[in-house]
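The values are calculated or read from the model by the stated rules, or taken from the named source; none is laboratory data. Source: prediction; values computed, not measured. Ideal geometry is used to build each Cβ from the backbone, glycine not excepted, and the neighbour counts take in all protein chains shown.
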Amino acid sequence: MNSGRRVPAKAWRDRSNSIGYLQGGTEAQVAMLRQVLNQLPCAGDEVLAWRTPEGKPVSGRCEDLCRRMLSPLGLAERPGETQWQPSAHARQWLASEDNSFLTAHLHTHVKFFGELLQAIGDQTKHADLLEVATETYGLNWSTLSPVRDRTGWLRSLGMVELWGQRVVRTELGDALLEVLPLCPPETARGEGEDAVELDGSEEALPEFFGDFIQLEQVDLRNRRALIGYIPRGIASDTRDGDSALTVTAALWRLVELLSDGAGLEEFGELCGSEFSISRTSFTSVTHALRHIGLVEQTKFNHFAPSENAHRLVDEGNERLLAAYLHARYLFFGEILLHLGKSATTSALVSVAKEVYGYIQASNGEIRLRLAFLQDAGLVERMDWQRFRVTAAGRSFAKGLTLQLPVEDEPEANDPAEPQDAHSCLLPDGIIDQLRQYGNVGTDSQEFEAAVGRAFAFLGFQAEHLGGSGRSDVLGIAQLATKDRYRVIVDAKSSGNGQVAESSVKFDALRDHKRKHKADHVLVVGPEFAPRLKNWAVEHEVILLHIEDLAVLLTRHSQNPMPLTELRDAFSRVDTFNDDLAERYSALERRSLLMGRIIGLAFQEAVDEDPVDDGYISVENILYALRKEFTPRPSRQEVDELIAFLASPVVTALESVKGRHKLIDSPRNLALRLAGLGGSVSTG
């Protein structure tokens with residue numbers, strides 16, 4: 001690569017948060033990437049194969065590799081519905097074999113890639129680079145994995161070397177750094193935004209809405225919960241950002257297709273041709289358009305745009321549309337208040353439920369709101385997970401009447417609210433004690449007791465033992481004889497934040513395990529000396545960080561894991577944290593699926609549709625969920641949850657010939673499930 005030619009810069013928010021990894025070895029990434037790219041073009045269902053430096057065969061499905069890794073890195077593309085093929089930049093690299101060119105290309109597509117190269121000093125370790133990523137560039141990373149992924153690629157590219165624990169930049173890396181346009185840290189953190197002049201559409205709000213925009217709190221609480229399904233083109237089945245149209249442009253196109261009015265069949269054919277949607281999806285689209293207020297029925301099976309439809313969806317009126325949607329839908333403008341610091345969709349879902357009582361909030365509904373706000377320039381996307389408010393968004397929010405948090409409304413203090421019924425189970429107190437006593441070094445007994453309470457919360461019969469010749473905590477899984485097992489836990493506090501090598505005595509732990517007839521051994525502490533991690537694996541001991549235990553407790557409070565599954569995770573010493581995270585993700589997915597099924601059934605129930613009479617089929621549920629979950633829910637998953645909801649104990653759904661109808665309010669269902677939990681003795 002010509003060292004004098006500068007590489008075009010790409011906006012930080014448009015870069016990927018992850019770089020991906022090809023199985024087969026850290027320093028062989030480039031060689032294996034070349035093997036993969038040389039097999040393109042190929043169809044998505046074909047298998048790509050490559051070999052590691054040791055000659056071991058590895059393979060992966062083309063669709064998975066290209067969509068999840070190569071496409072975000074700008075190395076593979078699929079025009080239309082054709083085969084996956086190398087991008088122009090990938091072909092240029094394959095022809096030139098210039099690793100500096102590939103490094104520069106990856107830098108333009110991946111956050112903290114060239115910036116990591118610059119952050120390397122004389123005595124830089126991976127932990128130092130993680131600190132720069134989080135503290136200087138504002139990346140929401142909690143482990144070394146994303147740093148190691150990047151240094152692995154840079155080592156493979158010849159830009160850095162690993163000298164013991166030190167990361168060292170090579171001469172090739174030095175030369176490339178001179179031409180890479182690096183992102184200023186304040187830009188990455190979203191700081192230093194200048195005040196933005198509003199575009200004038202805000203001045204039209206009072207004239208357009210009249211008194212309607214001056215909403216009372218009771219009006220705000222009674223806004224609709226679900227916007228519904230809005231098709232966005234032939235690629236709208238893919239993740240946000242890959243769709244053919246923005247959501248606002250899609251609404252404009254739908255209104256234009258209706259023209260001055262059309263019959264239901266004609267409109268359906270036009271939508272099917274334009275957006276490649278099925279008849280079932282078209283029904284969902286018409287419901288959404290009618291609820292938004294863009295379409296109205298003028299006579300039997302005949303629809304036309306509403307009086308203000310064209311003005312609302314016209315280009316340049318995106319903020320007018322945003323204000324209009326805020327007046328009709330829960331947790332719309334309120335989102336802007338909670339994006340002062342970047343936040344994920346999932347975090348906003350939690351805010352919607354916990355702060356505003358919007359119990360039907362889902363990732364899909366929040367993403368749809370964010371899409372409208374992005375189109376209006378009120379929110380910007382930092383990466384594929386996080387969003388933040390713009391200066392224009394902050395100014396815009398000041399002109400809206402926003403819903404107050406439920407705790408600020410006297411009439412909302414209902415002691416029977418489901419959130420209050422289980423709030424006492426939240427492990428915040430235990431987590432606070434773990435953090436307080438685990439980082440002191442002088443409060444060993446208090447820390448041991450906190451660890452004991454943590455394992456009791458996980459479902460064990462936990463005893464705080466302590467003393468000479470005994471483990472600190474003994475946890476017993478009180479199950480059937482063949483399933484019963486024991487764990488011992490050694491609690492190690494440290495005043496400097498790291499447990500020293502000499503503090504963990506593996507011979508003593510082995511004796512404690514034998515004495516207490518334990519099946520598994522854990523050591524809990526703030527952080528551990530590097531060599532302890534390898535020694536722990538050799539002695540089949542799990543090292544559990546306080547912060548990892550805190551995450552475990554929080555996730556367990558919301559989606560408790562059975563003790564039998566915890567036992568399976570304990571048996572995987574070297575991959576314990578990853579295995580546990582995967583298991584909790586599966587539990588959380590099931591809960592989210594159930595919540596969305598209830599939400600869809602509720603939406604169908606409140607829609608005034610004399611044909612369906614409140615019923616929804618499994619096929620429609622699967623279709624509605626297909627974009628919200630990865631991988632897509634299977635028929636078996638949905639059937640199992642529907643059977644549970646339709647059981648006589650839960651009585652949430654009524655099932656007739658494969659169609660299902662909500663027969664109670666979501667609030668009563670939440671109370672019933674909480675009541676069932678409360679009836680179980682935990683003593």
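Quick notes on this structure:
- Hits in the stretch 253-263 - residues which are part of a helix (DSSP H, G or I) and either without any contact (Cβ under 8 Å) to a residue 12 or more places away in the chain or loosely packed, with under 15 Cβ neighbours inside 10 Å (or both): 256
- When 602, 629 are checked against the criterion of being in a loop (DSSP other than H, G, I, E, B) and either among the aromatic types (Phe, Trp, Tyr) or in the same structural domain as residue 536 (by TED's automatic domain parsing) (or both), 629 stands alone in meeting it.
- Lone unmet requirement of (1) within 23 Å of residue 627 (Cα to Cα); (2) in contact (Cβ under 8 Å) with a residue 40 or more places away in the chain; (3) crowded, with 22+ Cβ neighbours inside 10 Å for residue 345: (3)
- Residues in the stretch 469-510 that are without any contact (Cβ under 8 Å) to a residue 24 or more places away in the chain and surrounded by fewer than 16 Cβ atoms within 10 Å (Cβ to Cβ): 9 in all.
- Residue count for the stretch 114-145, restricted to those that are over 24 Å from residue 179 (Cα atoms) and in contact with a His (Cβ under 9 Å, 6 or more places away or on another chain): 1
- Tally of residues being in contact (Cβ under 8 Å) with a residue 40 or more places away in the chain, hydrophobic (A, V, I, L, M, F, W, C) and over 14 Å from residue 526 (Cβ atoms) across the stretch 437-453: 0
- For the stretch 331-354, a residue qualifies if it is outside any helix (DSSP H, G or I), touching a Phe, Trp or Tyr at 6+ places or on another chain (Cβ under 7 Å) and either at pLDDT below 95 or acidic (Asp, Glu) (or both), and the qualifying residues are 339, 342, 343.
- Residue list for the stretch 300-350, filter: β-branched (Val, Ile, Thr) and farther than 30 Å from residue 138 by Cα: 313
- Residue in the stretch 372-387 that is more than 30 Å from residue 186 (Cα to Cα) and within 25 Å of the chain's Cα centre (by Cα) present: no
- Boolean, residue 655 is part of a loop (DSSP other than H, G, I, E, B), without any contact (Cβ under 8 Å) to a residue 40 or more places away in the chain and small (Gly, Ala, Ser): no
- Against the numbered list (1) over 30 Å from residue 398 (Cβ atoms); (2) crowded, with 19+ Cβ neighbours inside 10 Å; (3) not hydrophobic (A, V, I, L, M, F, W, C), residue 278 comes up short only at (2).
- Scanning the stretch 46-72 for residues that are out of contact with any strand residue (DSSP E or B) (no Cβ under 7 Å at 6 or more places or on another chain) and not in a helix (DSSP H, G or I) yields 46, 53, 54, 55, 56.
- Any hit, the stretch 312-328, residues being surrounded by fewer than 23 Cβ atoms within 10 Å (Cβ to Cβ) and hydroxyl-bearing (Ser, Thr, Tyr): no
- Selected residue (criterion: nearest to residue 662 (Cα to Cα)) from residues of the stretch 591-634 that are within 23 Å of the chain's Cα centre (by Cα) and loosely packed, with under 15 Cβ neighbours inside 10 Å: 591
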